[in-house]
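Engineer: I am attaching a structure below and will ask some questions about it afterwards.
The values are calculated or read from the model by the stated rules, or taken from the named source; none is laboratory data. Since we're looking at a predicted model, the values are computed, not measured. Cβ placement follows ideal geometry from the backbone for every residue including glycine, while neighbour counts extend to all protein chains displayed.
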């Protein structure tokens, strides 16, 4: 409606002679717009279309689950699972010996391992990516190794870690390190190779020092790629930690799942799946918002 | 008088994946200090290649280039380039983009506050004082190109190299920037070499128009002396006989004698 009011003066001008330059009807048009109450009322239809489908799918899932578990059996009902979750989360930080700790501790321990392994991988992987991207020789040297090692399941590295570190916890961190290093190396290297030639030409014309080329041009230009690598790495690390902990034991969400399986506490396994999904989602979301902050429009 | 810039028998052959491409053949050009030269020709005629050779961004396959008595071996701030797509760093503000250039040229000799003054003066010269702290994506295409020109001018170059600086702008903005460039060049007495494919732009701005033949193996076809006195005013020139004649000459060269034939691949 507003747009129709807006267009009418210019249309009439175009229709009239060429000489007309001051669109007289503009003033009443502006008044019409001002007289109207502040626009943009909430479009309930759009909101409903946005909110309803996810709610529907969740309701459907829970409904199916409730139907399937109505007759009883080893699988808990949604209500029973919910009760167990409430109980579990009412005291997330208890400690009854090394193998019986609250879910909060389990999550934090897993996150700690992921953070450690991932942090080490970032320390090694990002500089390595820079070197590979900047020097063709290094690229040709390292590329075949990366191509060979990248498709290996990180869990295959677990025995090597156990052998090298003689202990479960460093072995799990080692596994995370190996699985999260590749995306960061590859993405950083691609980012460095894709720095627009124009920017590098600017650097050449300005005769910037190598230090300034790195800090003022390479780093900012590559940062979005690095952050994509980081996001992929953290995602993989969070996938892998659950499996690694199942094998190594100790306090952690992965081992907790395995422990509850041994206890045949299926409700807790379901809760764990939900928790693992939520934490993964939060990590992803945090890194995406970080990446948005550091991404510059090229043009 | 010895020419300020000399291009002697420059040849340029690119080795690409598809094979060798002979871009420039036997290019000879002398540019005097303070001259405004435009390179004009159809797309693919190697005019940007010639500019990049003078900038030092490319090295000729054979032949030599000399600027102010020295062989051109690498790019440097004494031959500032205004790039076609402005090439401002998107993560720096307008001020920082220009300051980066100023620092690299004068950083060793002057205090930080002097550098700031230079930077602001350059942005003032192109009328961009109002957007010092804006990032390139926050300003219009014409403004970006102004900042690009400010960056080049701030280095106080011996020669200003412009690669289709106004090519991506709309006609009105382009005319405005051309007028301003005329004023700036009159004030700074810069030597300018500009690549363009716009005949009016070439005639309006240049002392001499270098017309290039079509590639491959392009070379300089003719050089037209534009004998119109400065200062030049766009509106008055429109009916000026010398302007019309120069324009006719360039159009004749481009569309009659060296009409561009699209090559079948």
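Engineer: Being within 30 Å of residue B:2 (Cβ to Cβ), free of Cβ contacts under 8 Å to residues at least 60 places away in the same chain and within 14 Å of another protein chain (Cβ to nearest Cβ) narrows it down to one residue among B:55, B:80, B:73; which is it?
Structural biologist: That would be B:73, the only listed residue that is within 30 Å of residue B:2 (Cβ to Cβ), free of Cβ contacts under 8 Å to residues at least 60 places away in the same chain and within 14 Å of another protein chain (Cβ to nearest Cβ).
Engineer: OK, next. Out of curiosity, is residue A:239 within 18 Å of the chain's Cα centre (by Cα), within 29 Å of residue A:79 (Cα to Cα) and modelled with pLDDT of 90 or more?
Structural biologist: yes
Engineer: Name the residues in the stretch B:57-99 that are in a loop (DSSP other than H, G, I, E, B) and over 23 Å from residue B:146 (Cα atoms), would you?
Structural biologist: B:58, B:59, B:60, B:61, B:68, B:69, B:72, B:73, B:74
Engineer: Looking at A:172, A:164, A:189, can you tell me which residue is assigned to a helix (DSSP H, G or I), in contact with a helix residue (DSSP H, G or I) (Cβ under 8 Å, 6 or more places away or on another chain) and surrounded by fewer than 16 Cβ atoms within 10 Å (Cβ to Cβ)?
Structural biologist: A:164
Engineer: Right, here's the next one. Residue A:269 - would you say it is assigned to a helix (DSSP H, G or I) and in contact (Cβ under 8 Å) with a residue 12 or more places away in the chain?
Structural biologist: Answer is yes for this residue.
Engineer: Additional query: Restricting the stretch B:121-130 to residues that are under 27 Å from residue B:196 (Cα atoms) and touching a helix residue (DSSP H, G or I) at 6+ places or on another chain (Cβ under 8 Å), which is farthest from the other protein chains (Cβ to nearest Cβ)?
Structural biologist: B:127
Residue-wise test of (1) more than 13 Å from chain A (Cβ to nearest Cβ); (2) out of contact with any helix residue (DSSP H, G or I) (no Cβ under 6 Å at 6 or more places or on another chain).
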{"position": "B:85", "(1), (2)": "no, yes"}
{"position": "B:105", "(1), (2)": "no, yes"}
{"position": "B:108", "(1), (2)": "no, yes"}
{"position": "B:113", "(1), (2)": "yes, yes"}
{"position": "B:119", "(1), (2)": "yes, no"}
{"position": "B:132", "(1), (2)": "yes, no"}
{"position": "B:136", "(1), (2)": "no, no"}
{"position": "B:155", "(1), (2)": "no, no"}
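Engineer: Looking at residue B:92 and the list (1) in contact with a helix residue (DSSP H, G or I) (Cβ under 9 Å, 6 or more places away or on another chain); (2) surrounded by 20 or more Cβ atoms within 10 Å (Cβ to Cβ), which single condition is not satisfied?
Structural biologist: Among (1) in contact with a helix residue (DSSP H, G or I) (Cβ under 9 Å, 6 or more places away or on another chain); (2) surrounded by 20 or more Cβ atoms within 10 Å (Cβ to Cβ), residue B:92 violates only (2).
Engineer: Another question, then. What is the residue count in the stretch A:249-299 for residues that are within 14 Å of chain B (Cβ to nearest Cβ) and at pLDDT 90 or above?
Structural biologist: Result for the stretch A:249-299: 0.
Engineer: Follow-up question, since we're still on this one. If I ask for residues that are over 31 Å from the mean Cα position of the chain (by Cα) and in contact (Cβ under 8 Å) with a residue 12 or more places away in the chain, which ones from the stretch A:201-225 would you list?
Structural biologist: A:202, A:203
Yes or no, residue by residue, for (1) assigned to a loop (DSSP other than H, G, I, E, B); (2) touching a strand residue (DSSP E or B) at 6+ places or on another chain (Cβ under 9 Å); (3) assigned by TED's automatic domain parsing to the domain that holds residue B:35; (4) over 25 Å from residue B:56 (Cα atoms):
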| residue | (1), (2), (3), (4) |
| --- | --- |
| B:200 | no, no, yes, yes |
| B:203 | no, yes, yes, yes |
| B:211 | no, yes, yes, no |
| B:236 | no, no, yes, yes |
| B:239 | yes, no, yes, yes |
| B:243 | no, no, yes, yes |
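Engineer: Now for a different question. Do we have any residue at all in the stretch A:210-224 that's under 30 Å from residue B:81 (Cα atoms), in contact with a strand residue (DSSP E or B) (Cβ under 6 Å, 6 or more places away or on another chain) and within 14 Å of chain B (Cβ to nearest Cβ)?
Structural biologist: Taking every residue of the stretch A:210-224 in turn, none turns out to be under 30 Å from residue B:81 (Cα atoms), in contact with a strand residue (DSSP E or B) (Cβ under 6 Å, 6 or more places away or on another chain) and within 14 Å of chain B (Cβ to nearest Cβ).
Engineer: Which residues, taken from the stretch B:124-143, are closer than 14 Å to residue B:90 by Cβ and either without any contact (Cβ under 8 Å) to a residue 12 or more places away in the chain or surrounded by 23 or more Cβ atoms within 10 Å (Cβ to Cβ) (or both)?
Structural biologist: Scanning the stretch B:124-143 gives B:136, B:138.
Engineer: Does residue A:155 meet the test of being closer than 16 Å to residue A:246 by Cα, assigned by TED's automatic domain parsing to the domain that holds residue A:260 and surrounded by 15 or more Cβ atoms within 10 Å (Cβ to Cβ)?
Structural biologist: In short, yes.
Engineer: In addition: Take residue B:150 and decide whether it is touching a residue at least 40 places away in the same chain (Cβ under 8 Å) and either away from chain A (no Cβ under 13 Å) or surrounded by fewer than 16 Cβ atoms within 10 Å (Cβ to Cβ) (or both).
Structural biologist: Judged against the criteria, residue B:150 is a match.
Engineer: If we keep just the residues of the stretch A:194-209 that are over 18 Å from residue B:78 (Cβ atoms) and at the interface with chain B (Cβ under 9 Å from one of its Cβ atoms), which is surrounded by the most Cβ atoms within 10 Å (Cβ to Cβ)?
Structural biologist: The selected residue is A:199.
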